[in-house]
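Notes to accompany the following structure.
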Amino acid sequence: MTNKEQIDKYEIMEKEGRFNEHINPIDWDNALEVKKDFPYYKKSIKQSIKDFFLNNFKVKPFTKIINKLEYKTIVLGRENLKGIKRAIITSNHVFIYDCLVNKYALRGHKVMVVGAEFNNQKGKFGDLMRAGGLLPLSSKYSVMKEFNKGIKYHLNKNHYVLIYPEQSMWYNYEKLRPFKDGAFHYAVMNNVPVIPIYITFRPTGKYDDSGAEKKYVTVNILKPIYKNDALSDKENIKMMKDKNFNACKEVYEKTYNKPLKYTNDNN
């Protein structure tokens, strides 16, 4: 789908309250099966060397180029990272390279990125995603046990783990969408804070071939949210999710000077 077709489609889905569904059809033919031996936390020496070179000589330079030249990325709130060595990062999911925008904003910290199973792609693009820190989800319980170990491993190594609580990507979508529980579950289970990020857009006056406006990007890093030891795990998940949503809602309303007409319960 073109960018304009995606925008037209999510405008319909928004009216129908289908906030967490995918816009583009999923290309399962281009996806590698996520198996139990996926290197969530263990890599062979050969794979580690290959990923080192791909990450440092391809992923990182590309990340710098697109943030500097294409998105003209502005980062606000880096002071909110001070002293936090490990955390779950949340962000709205608004274009294919927003993980690289988040990595740029969080530079100085190693960031692992949780993605859908179909993001474990074949070919060179898939190799780059895995080298850049992809942790794909799986529909299989046995694989998810390894995924959970991987999340714990990377947090214990003082890494950040980026999870998109809106679940699906909506191209250049300005509004906040209701959150799923996953990111907050992993924060509570691993006793780490959540650091919310909300990506906002600035106009460029330029349009792509489909008629969709290109946007410049501002990354808003918000204050960390910590679990409350007086609450149960279930209560903490809800508390952290609601605090995260409301913090992002405040940024949305202040940036665009528009009220958000739905709540975090509209999912």
### Query
Suppose every K and R has +1 on its Cβ and every D and E has -1 on its Cβ; what is the size of the dipole of region 1-46 about the Cα centre, in Debye to the nearest 20?
520 debye
## Note on the structure
For the table Lys175/Lys261; Lys15/Lys175; Lys50/Lys124; Lys103/Lys238, the rows whose alpha-carbon distance is greater than 19 Å are Lys103/Lys238
### MRE, 222 nm, helices only [DSSP H, n ≥ 4, -39500 (n - 2.57), over the chain, to nearest 500]
-11000 deg cm²/dmol
### Task
Measure off, as a whole percent, the carbon and sulfur share of the 1.4 Å-probe accessible area of the chain, all protein chains present.
53 percent
### Message
Using a probe radius of 1.4 Å on heavy atoms only, what accessible surface per residue do you get for region 163-267? Whole Å² is fine.
### Response
49 Å²
#### Entry: Shape call, region 83-151: gyration tensor on alpha carbons, a/c limit 1.5
oblate
### Query
region 188-226 to region 132-164: how many Å between their Cα centroids?
22 Å
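Stick to Cα atoms and the Kirkwood definition of Rh, then tell me Rg/Rh for the chain. Walk me through the numbers before you get to the answer.
Numbers: Rg = 18.0 Å, Rh = 19.2 Å.
Rounded to two decimals, Rg over Rh is 0.94.
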### Query
Given charges of +1 on the Cβ of Lys and Arg and -1 on the Cβ of Asp and Glu, with all other atoms neutral, how large is the dipole of region 78-121 about its Cα centre, in debye to the nearest 20?
360 debye
## Note on the structure
Asn92 neighbourhood, Cβ < 12 Å, K/R = +1, D/E = -1, net charge 0
## Note on the structure
Sorted by chain and number, the residues with a modelled amide H under 5 Å from that of Val192, at a separation of 5 or more or across chains, are none
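The values are calculated or read from the model by the stated rules, or taken from the named source; none is laboratory data. These numbers were taken from a predicted model, which means no experiment stands behind them. Reconstructed Cβ throughout: ideal geometry from the backbone, glycine too, with neighbour counts over all protein chains shown. Note: accessible area is taken over every heavy atom of the protein model, side chains too, but ligands, DNA and RNA are not part of it. Shrake-Rupley method; radii C 1.70, N 1.55, O 1.52, S 1.80 Å.
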